[in-house]
Structure formats: C-alpha cells, structure tokens
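Structure first, then comments.
Since every read-out is calculated from the coordinates, none of them should be taken as a lab result. In this text the structure is predicted, and so the values were computed from the model without any measurement. We place every Cβ from the backbone using ideal geometry, glycine too, and count neighbours over all the protein chains shown.
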Amino acid sequence: MLTKSQAVDLNGVAGETLTQLCQSAAAVREQHWGKRITYSRKVFVPLTNMCRDTCTYCTFVKHPDSPQAYIMSPAAVLKVVSEGQKIGCKEVLFSLGEKPELRYPQVRERLATMGYSSMIDYLVDSCEMVIQQSSLLPHANAGTLSLEDIRRLKPVTASMGMMLETVSKRLLVKGNVHYACPDKVPLQRLRTLERAGQLDVPFTTGILIGIGETWAERIDSLIAINDIHQQYGHIQEVIVQNFCAKEDTKMAGAAEPNLDDMRRTLAVARLILDPSISLQAPPNLQRRYRAYLKAGINDFGGISPLTIDHINPERVWPQISQLAEACQDNGDQLQERLAVYPKYQRSADRYLDPSIVHKVQNIARADGLAALQYQ
C-alpha cells in the first residue's frame, strides 16, 4: 500500500508508468474482490433541491423563490418508489440540499405546512414510508449530520452517505468553490463520517476532483477517509467523482479532469484505502468503463432505469448491458448488489435495525448480493 509521500510523488504520472500504477491497483482489487464488479439498481429521489450552501459548480440547488424549487410530496416520493419496484429497483437514494430551513424562512414555512420543522424530520418519515410500503431499501444522502440525526435515521435506512469532497480549507476562501458554504467545512464533514462510525452505520463517502484542490489535497482527503475507517470499520464504499462543468455556473468554463487524471486518482485511491472498502466511479460522467476497471474499481454505483441523475442531469445513465459488456471484455462479471454491502449484512446485529434486516433478507441471496439479478 502507498504511503503519503509515495502517493504525492505520483502527481502527473503518465504513459507506461501510469499503466503500471493502474495494474498494481487492479491487482489489489482482484485479490480482495475477485472478478465480480457490482452496481445497485436504484431510484433517485431528490427530496428537495433547496440548500443553504451555494457551491459554484452546482445546478441542482434552487433558491426558494425560484419556480423550480420544490419539496417532494409523500405521494410524489411513493410514486417514484412504486414505479421503481415494478422494474426491479431495490434501492431508494434520497438526496437533498443541506439544511435549507436554517437559511430560508420560505422553507421553514413550507415544512410547517407539511407538519415538520426540519428536512431531517421529513426524511426520517419518508424513509419509514418506503420501508412500510415497498420492498426497497432506503439510502439517505443528506449531507452533514449531527449524532442525533444519524441516530434517528439509522432505524429507517440500510445505509447512509455524504461526499467528503475534499479536506482543503483553501476552497472556503472567497473566490473559491466552497465560499459561504457552512456545510462544506472539512471539519464538519469529517465529523459526520466519525459520527456514522460511532453509531455503526454502513457509509458511503468520496472525493470530488477538479474543483480547485491540489493533488496533495486529494491524497490528504483519501487518507482522512481511510483513517476514520481504520478506527470504526464502517466505510463500505468510496467514490472518486470527476467534476463536470455546467452552464450557468461560475465554473462553466473550468477544465474537467481528463481520463488520465481519473485513472491516476482511482489507482492511488485503491492503493491508499483499506482493500475492504469498495472503490466506485460514476459511469455516466466519462463513460470510460474499461479504463476504470483497469484502474482498480470494483463498483459502478447506483444505476437507475427510471430516474435521471439529478445532480448531473445532462449525463445520461449507461445501459446496464453496456456495463456488463465492458466487464466481460475485462474478464469480469457484473453483479447487482444491494444498498448495504454483504460484509455489513453478515454483522447485521451491529449495523442494521431489525426491520431493515428483514427487508434485506427478502431480496438478498446467500452471498448478500441481490437475489434477482437484472441486466
């Protein structure tokens, strides 16, 4: 495995050296995960697109005064879930802007008319509704969370997530991407990872590359994630996500990470992180499936046959058959997993609420992957 200094020295490697680095990462992947590459068949439920943060690369978030701003109704949530269940989806990915009610009175008023004082209150009830009225497993991606937030969400979720993005404090300074974004303070995001560990929550996190961070800061971010996992053992997967420039944002003209940058970052991530942590790259953001496989990933993340990627709506999901073909060409086999990885299912008493255990058992096969495979 790589030390920090070794990883930092790999900045900019290319050509045959990069190929060899990827081969080393792929060997680690194969040793721990074998020839099995996974994905989760999901529906994407953006519970609200309002947020108190204003990241300069984001088009998902809308101001409460915008006609496009919304909080999904329970009926709208259940409609998506029901349609997803009909076509074999097994995960509900709840995403939402972070704590908009703390910044905007309009959001507090809308929530109050629904009988809630916070988005977390509504998220808890939405997850419980999914459990009671469907066979799908809720996965909550609600940003930074308090210990009490996590304690309330654990009984109604199979797993949770939050992208660390970066540990760079520089990006909080005026003129950078996280200026005036209280929930993007690295310390607060690291504390959320730690709290999830303290409460034994199977957790997904990751880094966002190309938003102004240095190579050394990427390494620091990966090491920070791994250090927390070494203490608590709860990080089930890490995503390496490439920044995508979007129109009508302050970063519309910014350069996106190229394929070599992604390959380099993925390979280094695989060689820094504990091999038990699943390594994922979103397949719809560059569509270089074979290159990602050769750089050491073992998972393609959530793919939806029903809903768009609401964070990157311009990037269409690939067909699952396309991913399966890429895996086959690389000597691998694509398999459908659940929102909670088999490792954590095997320690269900520690990681899962009994109501979640029952739901998992209904849709999991003996090895913990999805019982009914779709391709």
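Starting from residues that are in contact with an Asp or Glu (Cβ under 6 Å, 6 or more places away or on another chain) and part of a helix (DSSP H, G or I), keep the ones in the range 84-110 and report whichever is surrounded by the fewest Cβ atoms within 10 Å (Cβ to Cβ).
Step one: list which residues in the range 84-110 are in contact with an Asp or Glu (Cβ under 6 Å, 6 or more places away or on another chain), which gives 98, 107-108.
Right, trim to part of a helix (DSSP H, G or I) and you get 107-108.
Working: V107: 23, R108: 17.
Looking at residues that are in contact with an Asp or Glu (Cβ under 6 Å, 6 or more places away or on another chain) and part of a helix (DSSP H, G or I), I get R108.
If I filter the range 132-174 down to residues being among the polar types (S, T, N, Q) and in a loop (DSSP other than H, G, I, E, B), which single residue comes out as farthest from I87 (Cα to Cα)? Working first, answer last.
Let us first name the residues in the range 132-174 that are among the polar types (S, T, N, Q), namely 132-135, 141, 144, 146, 157, 159, 166, 168.
Applying the additional criterion that residues be in a loop (DSSP other than H, G, I, E, B) yields 134-135, 144, 146, 157, 166, 168.
Values: S134: 13, S135: 12, T144: 32, S146: 35, T157: 21, T166: 36, S168: 41 Å.
Looking at the filtered set, the residue picked out is S168.
Counting only residues that are part of a helix (DSSP H, G or I) and polar (S, T, N, Q), which one in the range 27-83 is surrounded by the fewest Cβ atoms within 10 Å (Cβ to Cβ)?
Kept after step one, since they are part of a helix (DSSP H, G or I), are these residues of the range 27-83: 27-33, 74-83.
With polar (S, T, N, Q) added as a condition, the list becomes 31, 82.
Values: Q31: 9, S82: 13.
Selected residue: Q31.
Kindly establish whether Y292 is hydroxyl-bearing (S, T, Y) and in contact with a Leu (Cβ under 7 Å, 6 or more places away or on another chain).
Working: hydroxyl-bearing (S, T, Y): yes; in contact with a Leu (Cβ under 7 Å, 6 or more places away or on another chain): yes.
Considered against the rule, which asks whether it is hydroxyl-bearing (S, T, Y) and in contact with a Leu (Cβ under 7 Å, 6 or more places away or on another chain), Y292 comes out as yes.
Results for (1) of a type in the set (V, I, T); (2) over 19 Å from the mean Cα position of the chain (by Cα), shown as yes or no for each residue.
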| position | (1), (2) |
| --- | --- |
| Q132 | no, yes |
| N141 | no, no |
| T144 | yes, no |
| E165 | no, no |
| L171 | no, yes |
| G175 | no, yes |
| T192 | yes, no |
| G197 | no, no |
| V201 | yes, no |
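Kindly provide the set of residues from the range 177-211 that are surrounded by fewer than 19 Cβ atoms within 10 Å (Cβ to Cβ) and at positive phi, ordered by number.
Residues satisfying the conditions are A180, D200.
So, in the range 112-145, of the ones that are polar (S, T, N, Q) and touching a strand residue (DSSP E or B) at 6+ places or on another chain (Cβ under 7 Å), which residue ends up surrounded by the most Cβ atoms within 10 Å (Cβ to Cβ)?
Taking the range 112-145 as the starting set, the residues that turn out to be polar (S, T, N, Q) are 113, 117-118, 126, 132-135, 141, 144.
Next cut, touching a strand residue (DSSP E or B) at 6+ places or on another chain (Cβ under 7 Å) only: 126, 141.
Working: S126: 24, N141: 19.
Ranking the qualifying residues of the range 112-145, first place goes to S126.
Any residue that is over 24 Å from R41 (Cβ atoms) and not basic (K, R) - is there at least one of those in the range 75-91?
To start, the set of residues in the range 75-91 that are over 24 Å from R41 (Cβ atoms) comprises none.
Checked against the condition, which is being over 24 Å from R41 (Cβ atoms) and not basic (K, R), the range 75-91 yields no hits at all.
Scanning the range 322-351 for residues that are within 19 Å of the chain's Cα centre (by Cα) and in a loop (DSSP other than H, G, I, E, B), which turns out surrounded by the fewest Cβ atoms within 10 Å (Cβ to Cβ)?
So the residue we want is Y341.
As an exercise: evaluate N258 against (1) surrounded by fewer than 23 Cβ atoms within 10 Å (Cβ to Cβ); (2) in contact with a helix residue (DSSP H, G or I) (Cβ under 7 Å, 6 or more places away or on another chain); (3) not hydrophobic (A, V, I, L, M, F, W, C) and give the number of the one condition it does not meet.
Just one mismatch for N258, condition (2).
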